[in-house]
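Before we start, here is the structure in question, set down as structure tokens.
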Amino acid sequence: IGQKYTARAHTNIALVKYWGKENEELIIPANSSISLTLDEFYTDTSVIFDSTLQQDMITINSEIVNDEKISKFLDIIRHKSGINLFAKVESINHVPNSAGLASSASAYAALATAGSKAAGLELSDKELSMLARRGSGSATRSIFGGFAAWNKGTDDQTSYGYSIEDPVKMDINMIAIVLNNSPKKISSRLGMKISYETSPFYDSWIKQTNEDFETIQNAITNGDFSTLGQTAELNAMRMHSLTLSANPSYLYLNKDSLLVIEMVKELRDKGIECYYTMDAGPNVKIICQKKNIKAIVDNLSNQFSQDQIKVSGPGEKVKLI
Ligand code: DP6
């Protein structure tokens with residue numbers, strides 16, 4: 001206690017998406033998910049518990065923020081460790097030109113790791129993932145590098161992340177196309193709640209996603225890039241169909257997202273293998289192999305500027321720096 005710790009965690013992109021909670025307080029998801037942790041986008045967060053503070057002091061990219069969610073998360077760490085001090089939290093998102101990819105995943109994975117250490121807790125990766133989960137579901141997977149999974153479980157102790165493969169053997173990269181920097185209108189938290197509660201297709205989503213989980217897990221084991229890409233693409237569209245079929249209906253994709261989707265299909269028709277995936281916003285991530293990066297980036301460059309196009313390979317697990 002009284003010592004500052006800094007952790008670095010990378011974002012992850014889900015190949016099998018998490019979209020709905022069975023328990024909102026504990027963040028227990030309705031299905032298990034699989035992701036790829038990305039090298040290029042990460043968050044560095046330092047935490048110190050300080051007896052001179054009268055309240056938690058939180059900065060993100062050097063700006064003071066008043067985020068009740070973060071203080072509530074710190075309360076969980078205080079409760080676990082039995083310490084009764086406020087914390088100073090400094091977080092920097094390393095996402096080139098604020099690409100709109102800075103996610104709660106890397107943020108809460110880094111905060112869980114630095115915060116628990118600063119509170120004197122020695123947590124295993126599994127325990128860290130369960131702690132990170134309380135901040136944001138997708139953070140459960142960002143404790144791990146490479147291909148990671150989140151076992152849905154049924155309660156606090158059975159809902160955790162684990163590594164599927166790290167380092168990644170498969171040749172796999174992601175090209176993120178940044179289409180919009182403005183904050184999302186419907187957060188993933190709210191969006192998945194509306195889908196869960198109102199989409200008549202929700203039960204089918206769960207059934208199909210359990211199959212997609214098996215398929216992608218096997219594709220990773222077999223080094224089968226094509227099956228992985230095809231299934232991840234289908235799974236993403238199935239998730240977005242839950243937003244369209246919700247009441248009220250909403251859509252994260254914009255016209256540029258659809259343009260990129262069409263480009264990917266045209267590239268595929270020309271024999272350049274690539275697939276797309278999107279999360280709770282318009283940005284599209286293209287899944288491809290090294291040999292095709294140049295052709296894809298060249299093609300995208302006809303429509304988008306260089307700083308909208310970010311290439312990343314698999315990233316490492318969380319670490320103290
Ligand atoms: C579409 O992890 O941001 O990216 O648990 O409410 O914080 P909360 O949601 P969040 O949702 C991520 C949704 C997603 C799919 C995924 O990452 O699995």
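The values are calculated or read from the model by the stated rules, or taken from the named source; none is laboratory data. Just so you know, these numbers come straight off a predicted model, no measurement behind them. Heads up, the Cβs are rebuilt from the backbone with ideal geometry, glycines too, and the neighbour counts pull from every protein chain shown.
Being within 12 Å of Gly191 (Cβ to Cβ), of a type in the set (A, V, I, L, M) and either within 19 Å of the chain's Cα centre (by Cα) or assigned to a loop (DSSP other than H, G, I, E, B) (or both) is the filter here; which residues of segment 243-283 pass it?
Correct list: Ala246, Leu251, Ala280.
Could you tell me which residue of segment 265-279 is nearest to the ligand (Cβ to nearest atom), considering only residues that are surrounded by fewer than 22 Cβ atoms within 10 Å (Cβ to Cβ) and aliphatic (A, V, I, L, M)?
Among those that are surrounded by fewer than 22 Cβ atoms within 10 Å (Cβ to Cβ) and aliphatic (A, V, I, L, M), it is Leu267.
Test of understanding: among Thr221, Thr227, which residue is out of contact with any Asp or Glu (no Cβ under 9 Å at 6 or more places or on another chain) and either away from the ligand (no atom under 16 Å from the Cβ) or in a helix (DSSP H, G or I) (or both)?
Values: Thr221 fails: out of contact with any Asp or Glu (no Cβ under 9 Å at 6 or more places or on another chain).
One residue alone meets the criteria, Thr227.
Mind checking whether some residue in segment 204-213 is part of a loop (DSSP other than H, G, I, E, B) and acidic (Asp, Glu)?
Within segment 204-213, none of the residues are part of a loop (DSSP other than H, G, I, E, B) and acidic (Asp, Glu).
Among Ala246, Ala236, which is the only one that is in contact with a strand residue (DSSP E or B) (Cβ under 7 Å, 6 or more places away or on another chain) and crowded, with 20+ Cβ neighbours inside 10 Å?
Of the residues listed, the single one that is in contact with a strand residue (DSSP E or B) (Cβ under 7 Å, 6 or more places away or on another chain) and crowded, with 20+ Cβ neighbours inside 10 Å is Ala236.
Pull up segment 47-70, narrow it to residues that are under 23 Å from the mean Cα position of the chain (by Cα) and within 18 Å of Tyr5 (Cβ to Cβ), then point me to the one that is surrounded by the most Cβ atoms within 10 Å (Cβ to Cβ).
Applying the filter and picking the extreme gives Val47.
Considering only residues that are within 16 Å of the ligand (Cβ to nearest atom) and surrounded by fewer than 23 Cβ atoms within 10 Å (Cβ to Cβ), which ones fall in segment 102-129?
Result: Ala102, Ser104.
Something else now. What's the number of the condition Thr209 fails, among (1) at pLDDT below 95; (2) closer than 14 Å to Ala14 by Cα; (3) of a type in the set (Ser, Thr, Tyr)?
The number of the failed condition is (1).
Somewhere in segment 14-24, is a residue within 13 Å of the ligand (Cβ to nearest atom), closer than 22 Å to Leu123 by Cβ and part of a strand (DSSP E or B)?
yes
So which residues in segment 1-28 are under 14 Å from the mean Cα position of the chain (by Cα) and over 28 Å from Lys88 (Cβ atoms), if there are any at all?
Within segment 1-28, Ile13, Ala14, Leu15, Val16, Lys17, Tyr18, Trp19 meet the criteria.
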